[in-house]
1. What residue, of ASN40, ASN26, is at pLDDT 95 or above, open to solvent by 20 Å² or more (accessible area, probe 1.4 Å) and not acidic (Asp, Glu)?
2. What's the number of the only condition in (1) of a type in the set (S, T, N, Q); (2) under 30 Å from ASN192 (Cβ atoms); (3) over 19 Å from the mean Cα position of the chain (by Cα) that SER325 fails to meet?
3. Taking only segment 321-340 into account, find how many residues are among the charged types (D, E, K, R), out of contact with any strand residue (DSSP E or B) (no Cβ under 8 Å at 6 or more places or on another chain) and surrounded by 16 or more Cβ atoms within 10 Å (Cβ to Cβ).
4. What are the residues in segment 124-166 that are within 30 Å of LEU230 (Cβ to Cβ) and either free of Cβ contacts under 8 Å to residues at least 12 places away in the same chain or open to solvent by 20 Å² or more (accessible area, probe 1.4 Å) (or both), if any?
5. Residue by residue through segment 113-123, note down the ones that are in a helix (DSSP H, G or I) and open to solvent by less than 50 Å² (accessible area, probe 1.4 Å).
6. Say whether the condition of being more than 20 Å from the chain's Cα centre (by Cα), open to solvent by less than 30 Å² (accessible area, probe 1.4 Å), at pLDDT below 95 and closer than 20 Å to ALA323 by Cβ is met by at least one residue in segment 205-226.
7. In segment 132-164, what residues are of a type in the set (S, T, N, Q), under 17 Å from CYS70 (Cα atoms) and either at pLDDT below 95 or not in a loop (DSSP other than H, G, I, E, B) (or both)?
8. Determine if segment 294-304 includes at least one residue that is of a type in the set (A, V, I, L, M, F, W, C), closer than 24 Å to GLY170 by Cβ and at pLDDT 95 or above.
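The values are calculated or read from the model by the stated rules, or taken from the named source; none is laboratory data. Everything quoted here is computed from the prediction, not taken from an experiment. A quick note on method: Cβ atoms are made from the backbone with ideal geometry, for glycine too, and the neighbour counts reach across all protein chains shown. These area figures cover heavy atoms from the full protein model, side chains too; ligands, DNA and RNA do not enter into them. Shrake-Rupley method; radii C 1.70, N 1.55, O 1.52, S 1.80 Å.
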Amino acid sequence: MVDKRLILAVAGSGKTRLLIDSLNENENFIIVTYTHTSLNLIKKRIIEKFGYHPINVKTHTYFDFLYGFCIKPLALFKYNLKGISWDVPPDFTKFKTKENLVRYISKNGYLYHNRIGQFAEVENLIDEIKDRLEKFCDHLLFDEFQDLGGHDFNFFMLIVQAKINFLLVGDFYQNTYVTSSDGRTNSTLYSNLESYIKLIKKANINIDTNTLQNSHRCSPTICNYITQNLGIEIGSNNNNETEIFHITDKTEALKLIEDDSIIKLVYQESHKTNFYSKNWGDSKGEDDYENTCIILNKTSSLLHKKNKLIESKPRTKNRIYVAISRTKGNCYLIYDSLLK
């Protein structure tokens, strides 16, 4: 009897650790994640567990898995494929038939990244991909599952029907980026949790909302702030006494900015700052920060002043959540207008 399960987790609850703990040296595993940062962390944890990287455990970024494992072995020679194109593909409305391959393959023979999943459907490769999974894999583990979007989500809902075990972990509210997007395809996928769960269950995947609901990283103070101000339920598994400070004094703000022991998390364009910083969304997966300094942009500052951060647009709210939930110790909030 195969097990297909999605564990809906919260920040710092041990998603990656749970996946690593499920590994053994007797069965064949494929682990998939979106970013290279997450992939490197997974590889490190595997070596920590076994003392080396077992040959029965294969690790992939999502597109490495999608193209390298799923598509390339089945379609490389038929279409003389060269790899993946990250360019924007032609609009669908230019073509009369769904099967027109110009939609999916560039003139130079590269598959458009955001249509590879749909290409597999159009070319009737799904059953062969499921066969490959059943032949080479006993367990497919997917970390940061909430990053799956566009045609990729539809593709995965098809291959998840393979007769192997699937263990998927993700935090619905940490959806800050998606693997790919293409027009309106699943553009509202992460707008509503209840609708999302219905889609998952429709693919015969069991939902687990209990296992990873408490954060090991964040204190009760941080968790309560997130729940009360962002409307995202998150509990704490530690008793650390920490605080959240709203900095309004320029001198105090300057000291924080100049303190490189404290990461500054900004809305966007961290590369343009002259201090130690990272974008809110880009800090996802990071677990190395004791204290954090969150710099609220103009819109978020206005909502914060009115105690209405919960009314932020879903993607923005998710990024604030990601930023604040990096905090192990104290969190400092600064309006960007103060810095200017």
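1. Details: ASN40 fails: at pLDDT 95 or above.
The unique qualifying residue is ASN26.
2. The failed condition is (3).
3. Initial filter on segment 321-340 (among the charged types (D, E, K, R)): 326, 328, 336, 340.
Filter again for out of contact with any strand residue (DSSP E or B) (no Cβ under 8 Å at 6 or more places or on another chain), leaving 328, 340.
Right, trim to surrounded by 16 or more Cβ atoms within 10 Å (Cβ to Cβ) and you get 328.
Residues meeting the conditions: 1.
4. ASN154, MET157
5. Filtering segment 113-123 down to residues in a helix (DSSP H, G or I) leaves 113-122.
Passing the criteria: HIS113, ASN114, ARG115, ILE116, GLY117, GLN118, PHE119, ALA120, VAL122.
6. The answer is no; no qualifying residue exists.
7. So the first thing to find is which residues in segment 132-164 are of a type in the set (S, T, N, Q), and the list is 146, 154, 161.
Now drop any that are not under 17 Å from CYS70 (Cα atoms), which leaves 154, 161.
Across segment 132-164, the qualifying residue is only ASN154.
8. Looking only at segment 294-304, we keep the residues that are of a type in the set (A, V, I, L, M, F, W, C), and these are 294-296, 302-303.
Pick out the ones that are also closer than 24 Å to GLY170 by Cβ and you get 294.
Pick out the ones that are also at pLDDT 95 or above and you get 294.
Among the residues of segment 294-304, at least one is of a type in the set (A, V, I, L, M, F, W, C), closer than 24 Å to GLY170 by Cβ and at pLDDT 95 or above, which makes the answer yes.
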